[in-house]
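S.K.: There's a structure below that I have some questions on.
The values are calculated or read from the model by the stated rules, or taken from the named source; none is laboratory data. Please read these numbers as outputs of a predicted model, since none were measured by experiment. Every residue, glycine among them, receives a Cβ derived from its backbone with ideal geometry; neighbour counts consider all protein chains shown. Just the protein is used for accessible areas: all its heavy atoms, side chains included, with ligands, DNA and RNA removed. Shrake-Rupley method; radii C 1.70, N 1.55, O 1.52, S 1.80 Å.
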Amino acid sequence: MTRRETVDVGGVPISYLTAGKGGPLVLLLHGTYWSRVWQPVLEGIATAGLRPVAVDFPGFGRSGGELAVGEASVPRLSAWLVRFLQALAHKGPVRVAGHDIGGGVAQRLMLAKEVEVPRVAVVNGIMYDSWPVPGVARFRNPAVAAATTRDDILAARRVSVVKALGRPASEAEIAEYLDPWTDPRVARSWLALAGAADHRYTMEMLPALLQSRKPKLLVWGEDDPFQTIDYAERYAREIPETRLVRIKSAGHIPMENDPKAVAGALAEFFAAER
């Protein structure tokens, strides 16, 4: 059922993973990884009668283009998604889930009100001042970024992927995750995302989030060493209409540890709106 498709957005081929035969759109956003993180749960979401679309941002994964620092912030990526939805010829409400930095983009899209986002899910995503983590923050220094090669990025991403999976992984699986960054263009786009990483974007959303009555779901791998669950617990206490689903024995990418539980939580949450 899972397949990769492409759509033109402003002259740039944008790649996305999808599954199923239609239904209400569920937009799935990545952060410092790429659409591959959503692959284990696409079919589970689709079987609920939903249309999952896991997009690769420009310069990431299998998409064309290249991000510059000025285009890679949470607000700019949120604004770009409006153009992506237009390219898909999507009209009406869109359900959104975001992982990692994509979780911040998902919240921003909901609050920006350029498109109607009736409910949002965050999977081990950024919030408050939880980010950037040290392995990303160091690349905010322009001198460090300028001195970083593609091979440096591959080495750093290997360490991150192995840690994020939270389980034993074969070399073939690790290589699959790392493959996009073998392209220097994609490696540079990752450096741009790291360079634009700034927790002021999530902190400045707090006043609006505290007033928001839209349903929000947090799905969290309990053993995440990057986005620790105490941030999710705080968010669930403080932000109205928020429910936290904990995924036991799961790391930063819980879709890889318990895809059935993650897909089930997302499908139930988004299908409930219908």
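S.K.: Could you list, in their original order, any pairs among LYS21/LYS113; LYS21/LYS214; LYS113/LYS163; LYS91/LYS163; LYS113/LYS248 whose Cα atoms are separated by more than 32 Å?
M.R.: From LYS21/LYS113; LYS21/LYS214; LYS113/LYS163; LYS91/LYS163; LYS113/LYS248, over 32 Å: LYS113/LYS163; LYS91/LYS163; LYS113/LYS248.
S.K.: Going by the alpha-carbon gyration tensor, a ≥ b ≥ c the square roots of its eigenvalues, is region 113-170 rounded (a/c under 1.5) or, if a/c is not under 1.5, prolate (a/b greater than b/c) versus oblate?
M.R.: Oblate, since a/c reaches 1.5 and b/c is not below a/b.
S.K.: Still on this structure, I have one more. Looking only at region 48-75, which residues have a backbone nitrogen under 11 Å from a spot 7 Å from the Cα of GLU5 in the C-beta direction?
M.R.: 51-54
S.K.: Same structure, new question: Sort 5-16, 43-54 for me by packing, meaning the mean count of neighbouring Cβ atoms within 10 Å per residue, highest on top. Could you put the intermediate results ahead of the total?
M.R.: Numbers: 5-16: 15.6, 43-54: 21.6.
Ranking, from highest mean packing down: 43-54, 5-16.
S.K.: Rounded to the nearest 0.05, what FRET efficiency do ARG158 and ASP223 give with R0 = 22 Å and r taken as the Cβ-Cβ distance? Could you check? Provide the component values of the computation, followed by the final result.
M.R.: Details: r = 20 Å, r/R0 = 0.90.
That pair, ARG158 with ASP223, gives E of 0.65.
S.K.: Tell me, what is the per residue accessible area of the chain in Å², probe radius 1.4 Å?
M.R.: 39 Å²
S.K.: Give the shape of region 178-225 as rounded, prolate or oblate, defined through the alpha-carbon gyration tensor: a ≥ b ≥ c are the square roots of its eigenvalues, a/c under 1.5 means rounded, and otherwise the shape is prolate if a/b is larger than b/c and oblate if not.
M.R.: Prolate, because a/c is 1.5 or more and a/b exceeds b/c.
S.K.: Shifting gears a bit: Keeping the other protein chains in place, figure out the carbon and sulfur percent of the accessible area of the chain, with a 1.4 Å probe.
M.R.: 52 percent
S.K.: Please give me the summed charge of the neighbours of ASP183: other residues whose Cβ is under 14 Å from its Cβ, Lys and Arg +1, Asp and Glu -1.
M.R.: Neighbour charge sum, excluding ASP183 itself: +1.
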